[in-house]
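*Asks:* Sending over a structure as structure tokens; questions will come in a sec.
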Amino acid sequence: MPLVTLRQALDAARSGGYGIGAFNVTDLVQVEAVLDAAARTSSPVIVQTIAGASAFGSDDLYWDLLLRSVAHYPQVPVVVHLDHGPDADTCRRAIDAGFSSVMIDGSLDPVTHQPSSFDANVAVTAEVVAYAHARGVSVEGELGTIGGSEDGGGTLKEIILADPDQAADFVARTGVDALAVAIGTSHGAYKFTSPPDGTVLHMDLISTIAARVPGTHLVMHGSSSLPADLRATINAHGGALPESWGVPEDEKARSTKLGVTKINQGMDSHMAYMAALRTYLDTDRLSADPAPANRAGRVAMTDMVAERMAVFGQAGHAAEIQVAPFVAR
Ligand code: 13P
């Protein structure tokens, strides 16, 4: 029962009182790292990727191979999810490829990258929901804007906190299965300038919004912790990541008690991978084959993701998700 929808996985998480990590992957070695971590910890898992942000030359080849990888892990339920679809066409492309879930990020205008109007967000999200639900695919929307840059490039986004008054209206008008709520977090390796407190990380918003949309799953984006030891290792081997603080581990665990069921993490996995890769390259200076360095990165990323699965609470819950597998149509 490998491929399941976001709705199926998150409904089980809500019943079980835990969160499920949605781990960003940018190549097949990272896909293997995440699926190995899920198999090791018996976790349901969400594997997510951003269109055009992989090491591959085309989404077509990458997405096809990613989807095929899932069949190698029959013991774990896997959601394959498009992260931050910028427009309806990209979401339709992922759905047609066989993804079981997509995010339409209608909070930003795809051309100007400026915050879009509430009505424009509703319109594009409802359009994607109609297409996706007709094919059994789940949809995540976004309310407010999350800071930073999802794929590590492009322009920085300002943070506009999610408005609880708009949440119920948005869900009623779009029918989304999950809602990314901007609570002060940012994407990427640069988040808070000091350990975050309630003035910048608005955890209280989660429970306020959860009460307004009880049938919809809440998603925490920008959840990486940015571990200082990994930054130090990267910088000791040629990197230059500035000091920055992410979301503390205990706050991520607390978010699942407040109403979050999907926790997005990309940068922590990337940092674990890069720290091991840079260390390997510095210690084996005669190596010309990239495979051993990438292998070291994969092993480190598997360990990191497995640790996070324990923090989010999904570890040990793989066998509980007894639903019909998702079949693309
Ligand atoms: P991080 O950059 O904190 O890992 O967040 C990833 C994310 O939210 C992807 O949508």
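*Asks:* 5 Å is the cut-off here: which amide hydrogens, built 1.01 Å from N in the peptide plane, fall below it relative to Leu179, excluding neighbours closer than 5 in sequence?
*Replies:* Amide H to amide H, under 5 Å and 5 or more residues apart or across chains, Leu179 pairs with Gly141, His217, Leu218, Val219.
*Asks:* Starting from a Cα-only point model with no solvent, please compute log10 I(q)/I(0) by Debye for the chain at q = 0.10 1/Å.
*Replies:* Debye curve over Cα of the chain, log10 I(q)/I(0) at q = 0.10 Å⁻¹: -0.52.
*Asks:* I would also like to ask the following. Sorting check: for 69-78, 90-99, which peptide has the highest mean count of neighbouring beta carbons within 10 Å, and how do the rest follow?
*Replies:* Numbers: 69-78: 18.8, 90-99: 21.0.
Result, highest mean Cβ count within 10 Å first: 90-99, 69-78.
*Asks:* Answer rounded, prolate or oblate for segment 82-216, using the Cα gyration tensor with square roots of eigenvalues a ≥ b ≥ c: rounded when a/c is under 1.5, else prolate when a/b is larger than b/c, else oblate.
*Replies:* Details: a/c = 1.87, a/b = 1.32, b/c = 1.42.
Cα axes put segment 82-216 in the oblate bin.
*Asks:* Further question: Charges only on Cβ, +1 for Lys and Arg, -1 for Asp and Glu: so what's the dipole of the chain about the Cα centre, in debye to the nearest 20?
*Replies:* Numbers: 22 positive and 38 negative charges, 135 e Å.
In total the dipole reaches around 640 debye.
*Asks:* A further question follows. Taking θ = phi - 60°, what integer Hz values does the Karplus form 6.51 cos²θ - 1.76 cosθ + 1.60 yield along segment 125-138, in sequence order, with x for Gly and Pro?
*Replies:* For segment 125-138, the Karplus-derived couplings read 5, 4, 5, 5, 4, 4, 5, 5, 5, 5, 10, x, 9, 7 Hz, x marking Gly and Pro.
*Asks:* Given the peptides 317-329, 20-32, arrange them by the average over their residues of other C-beta atoms within 10 Å, most packed first. Show your work: numbers first, answer last.
*Replies:* Working: 317-329: 14.8, 20-32: 24.2.
In descending order of packing, they fall as 20-32, 317-329.
*Asks:* Now a separate question. Where both partners of a DSSP beta bridge lie in the chain, what percent of those bridges are antiparallel, to the nearest 5? Intermediate values should be presented prior to the final figure.
*Replies:* Values: 4 of 35 bridges.
Of those bridges, close to 10 percent are antiparallel.
*Asks:* Quick one: which residues, 5 or more positions from Gly148 or on another chain, have an amide H under 5 Å from its amide H? H modelled 1.01 Å from N in the peptide plane, none for Pro or chain starts.
*Replies:* Here Lys157, His187 satisfy the definition.
*Asks:* Using only Cα positions of segment 1-76, each an equal point scatterer, no hydration layer, compute I(q)/I(0) via Debye at q = 0.16, 0.17, 0.21 Å⁻¹ and quote the log10 values to two decimals.
*Replies:* -0.58, -0.65, -0.95
*Asks:* Let me ask something else about it. State the three equivalent ellipsoid semi-axes of segment 27-111, derived from the C-alpha gyration tensor as the square roots of 5 times its eigenvalues, in descending order and whole Å.
*Replies:* 24, 13, 11
*Asks:* On the accessible surface of the chain, probed at 1.4 Å, how many percent belong to carbon and sulfur atoms?
*Replies:* Ligands and nucleic acids excluded, carbon and sulfur give 55 percent.
*Asks:* I would also like to ask the following. Set the Förster distance to 35 Å, then compute FRET efficiency between Leu241 and Ser58 from the Cβ-Cβ distance, nearest 0.05.
*Replies:* Details: r = 30 Å, r/R0 = 0.85.
Efficiency at R0 = 35 Å is approximately 0.75.
*Asks:* Quick one: Cα centre-to-centre distance for segment 233-282 and segment 1-36, in angstrom?
*Replies:* Cα centres, segment 233-282 to segment 1-36: 18 Å.
*Asks:* Given H placed 1.01 Å from N in the peptide plane, which residues other than close sequence neighbours of Val79 have an amide H under 5 Å from its amide H?
*Replies:* Sorted by chain and number, the residues that satisfy this are Val4, Val45, Ile46, Val47.
*Asks:* Quick one: Debye curve from the alpha-carbon atoms of segment 46-156 only, equal weights, vacuum; give me log10 I(q)/I(0) at q = 0.13, 0.14, 0.17, 0.24 Å⁻¹ to two decimals.
*Replies:* -0.49, -0.56, -0.82, -1.39
*Asks:* Please work out the Cα convex hull volume for segment 273-329 and give it in Å³ per residue. The partial results should precede the final answer.
*Replies:* Details: hull volume 7.4 nm³, N = 57.
So the per-residue Cα hull volume is 130 Å³.
*Asks:* Whole-Hz ³J(HN,Hα) for each residue in segment 85-99, computed from phi via Karplus 6.51 cos²θ - 1.76 cosθ + 1.60 with θ = phi - 60°, x for glycine and proline: what do you get?
*Replies:* x, x, 7, 5, 4, 5, 5, 4, 4, 5, 5, 5, 6, x, 4
*Asks:* From the P(r) of segment 173-329, can you give the percent of Cα pairs sitting at distances over 27 Å? The partial results should precede the final answer.
*Replies:* Details: 4414 of 12246 pairs.
Above the 27 Å cut-off, segment 173-329 has 36 percent of its Cα pairs.
The values are calculated or read from the model by the stated rules, or taken from the named source; none is laboratory data. A quick note: this is a predicted structure, and the numbers were derived from the prediction, not measured. Counting neighbours? That spans all protein chains shown, and the Cβs are built from the backbone with ideal geometry, glycine included. Accessible surface areas use protein heavy atoms only, side chains included; no ligands, DNA or RNA. Shrake-Rupley method; radii C 1.70, N 1.55, O 1.52, S 1.80 Å.
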